[in-house]
Ligand SMILES: Nc1ncnc2c1ncn2[C@@H]1O[C@H](COP(=O)(O)OP(=O)(O)O)[C@@H](O)[C@H]1O
Ligand SMILES: [Mg+2]
């Protein structure tokens, strides 16, 4: 295991298992018929991974995903266990490092569509609306201002790009072409229901979920399951309800200090990303821990 000077986990390694595939944030170990997902403390901004991490961030993300997996009792998901005693033998030996930041999950055949639900018009959706009056081919009524709540949440899929490339918005018709009509309809319906229920739950806890991204996959039986991480600050835009205003891009609950810092030094959104100062790390860590507590009522 590689930790940085603030004891943030930068890279995991499990003796006795082949090296993992490394995503931006998670390390993915193939353990036969299951995967072991290890959420490190890496942080990415503008699609670049920073050289140092945010201590406990992996635990926060894992705790939040666990909360939502059990919240949505109607939606099949990929979680098998978070108990390291039930992990395959080599991983059990690393229980102390893995506890709380890892999940043993069912292997799924991933559907290469990022299933995004938007309840507010911001970010790339806002840019597209200004250009064309549409988002992902969905015409919206005129008159919205930046960050305004949409009359109805919309499903705005994107194509999951290879690492290092930006995802690309696609239309619903393209989702049908990439899957089939029944799968596309199921993805859209599940995405909007998951988002709606989560938005209502978070709103009672002072958090607005502006938008979020789900991933789905097929299991051996052909059942569609919710996979990956769910409604975390990394996969969603969380806004503190108290400071929400339309007309500008509201600061996010978690990564704002990182983004502000990177802007302040003129970071060009191209690797290599610069080291984050300890002050930025500490303040960002507080934000992640607060998000977990505010949402789930429990600390790491
Ligand atoms: N149950 C699953 N079966 C197969 N792949 C999965 C499953 N759950 C998550 N994944 C994949 O594991 C990776 C998680 O690592 P992450 O750091 O989020 O990567 P990324 O940089 O692609 O976002 C993602 O590519 C995701 O699609
Ligand atoms: Mg991811």
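Where a number appears in this text, it was derived from the coordinates with a stated rule and is not lab data. What you are looking at is a predicted structure, and each value in this text was computed from that prediction instead of being measured. Positions of Cβ are generated from backbone atoms using ideal geometry, with glycine treated the same way; all protein chains shown enter the neighbour counts.
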Helical contribution to [θ] at 222 nm, DSSP H n ≥ 4, -39,500 (n - 2.57), averaged over the chain, rounded to 500: -9500 deg cm²/dmol
Over the chain, relative contact order from alpha-carbon pairs under 8 Å, at least 6 apart, %: 20
Virtual spin-label span in nm between residue 141 and residue 221, 7 Å along Cα→Cβ: 4.3
Highest-fluctuation residue, 196, 16, 53 considered, GNM on the chain with Cα pairs under 10 Å: 16
Potential lengthening between residue 176 and residue 131 on full extension [0.36 nm per residue; Cα-Cα distance subtracted]: 13.7 nm
FRET efficiency, residue 243 to residue 298 (Cβ-Cβ, R0 30 Å, nearest 0.05): 0.80
Linear extension gain, residue 11 paired with residue 85, 0.36 nm per residue minus alpha-carbon span: 24.5 nm
Distance from the stretch 220-236 to the stretch 33-91 (C-alpha centre basis), Å: 11
Where only alpha carbons of the chain are counted, the Rg and the Dmax (Å): 18.9, 59
Highest-first arrangement of 153-160, 237-244, where packing means the average Cβ count within 10 Å: 153-160, 237-244
Using alpha carbons only: equivalent-ellipsoid semi-axes of the stretch 110-243, gyration tensor based, whole Å: 24, 19, 13
Residues residue 21 and residue 70, FRET efficiency given R0 of 25 Å [Cβ-Cβ distance, rounded to 0.05]: 0.40
